[in-house]
1. Could you work out the relative contact order of the chain, using alpha carbon pairs under 8 angstrom and six or more residues apart, expressed as a whole percent?
2. Could you please rank SER22, SER4, SER37, SER122, placing first whichever residue has the fewest other Cβ atoms within 10 Å of its Cβ?
3. Pop out the ³J(HN,Hα) list for the stretch 202-208 in order, Karplus 6.51 cos²θ - 1.76 cosθ + 1.60 with θ = phi - 60°, rounded to Hz; leave Gly and Pro as x.
4. In the stretch 7-91, which chymotrypsin sites (Phe, Trp or Tyr not before Pro) are in a loop and have at most 10 other Cβ atoms within 10 Å, using DSSP for the loop call?
5. Go through the stretch 5-46 and name the GluC sites (Glu not before Pro) that are in a DSSP coil and have 13 or fewer other Cβ atoms within 10 Å of their Cβ.
6. Anyone know which of GLY127, GLY182, GLY162 comes out most mobile in the 10 Å Cα GNM of the chain?
Amino acid sequence: MQQSTFLSIIIPAYNEAQRLPSTLEKVAAFLAEQPYSAEVLVVENGSQDGTLEVAQRFAGEFSHFQALHESQRGKGLAVQRGMLAARGQYRFMADADLSMPIEEVNRFLPPALSDFDVAIASRQAPGAQRYDEPFYRHLGGRALNALIRWLALPGLHDTQCGFKCFRAPVAEDLFSRQTFEGWSFDVEVLYIARLRGYRIVELPIPWYFNAHSRLKPIQDALKLALDLLKIRRNGRRGLYGPQV
């Protein structure tokens with residue numbers, strides 16, 4: 001793809017052979033109706049099912065789809081690979097379950113949205129709607145976000161939603177500095193963005209609970225707390241580059 005591509009959609013995919021065909025069909029149908037140029041990068045990493053084969057089949061059918069393979073697991077690693085391989089002026093990461101309808105993507109792009117460096121989907125900002133989410137999962141998510149706000153990112157309502165848009169130069173700067181390969185990468189990337197003076201905006205979205213989420217509340221909360229402390233330490237040591 002040439003740099004003239006307007007939008008890149010990056011989809012990390014680990015053991016998504018069942019859900020991925022429906023997701024990619026929806027994405028392809030959506031992009032077919034848009035006036036701008038786009039590419040889709042599916043980054044499969046460490047899957048034990050037919051995820052890579054599904055991605056390769058779509059890449060063979062649609063010229064603007066790419067299937068990338070990483071042998072090592074880690075959502076952060078997959079997103080980083082996709083962001084740095086993309087060619088779009090805007091680079092949008094999307095979870096493979098499409099818990100946010102793909103039609104919402106245009107709200108993160110000009111002309112609907114301007115004057116931003118990073119736009120993050122929020123399930124908690126005023127105007128957001130959650131569907132079918134059990135109360136205990138909502139409560140656990142808010143507890144995690146409170147921890148994130150306290151230790152790293154005050155003022156942001158929802159850092160862990162899997163839908164985020166970056167301007168190309170910003171994506172290349174942030175993801176080249178990213179060090180976390182697991183799911184804490186979201187916090188790290190946004191922390192770096194704040195350090196480097198980028199403008200982050202939150203957009204409220206409609207979000208549909210996915211019962212097949214791989215989140216392990218207690219285990220993941222403990223790991224997140226340790227990761228947050230490491231992110232702060234990295235920042236103090238200047239590992240993310242000078243503050244802007």
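Each reported figure results from applying straightforward, stated rules to the coordinates on display, with no laboratory input. As the structure is a computational prediction, the values presented were derived from the model and not from experiment. Positions of Cβ are generated from backbone atoms using ideal geometry, with glycine treated the same way; all protein chains shown enter the neighbour counts.
1. Worked out over the chain, it gives 23 percent.
2. Values: SER22 12, SER4 9, SER37 17, SER122 21.
In order of increasing Cβ crowding within 10 Å: SER4, SER22, SER37, SER122.
3. Per residue, the Karplus-derived 3J(HN,Hα) values read 10, 10, x, 10, x, 9, 10 Hz.
4. Numbers: sites: TYR14, PHE30, TYR36, PHE58, PHE62, PHE65, TYR90; in loops: TYR14, TYR36, PHE62.
Loop-located and lightly packed - none at all.
5. Numbers: sites: GLU16, GLU25, GLU33, GLU39, GLU44; in loops: GLU16, GLU33.
Loop-located and lightly packed - GLU33.
6. GLY127
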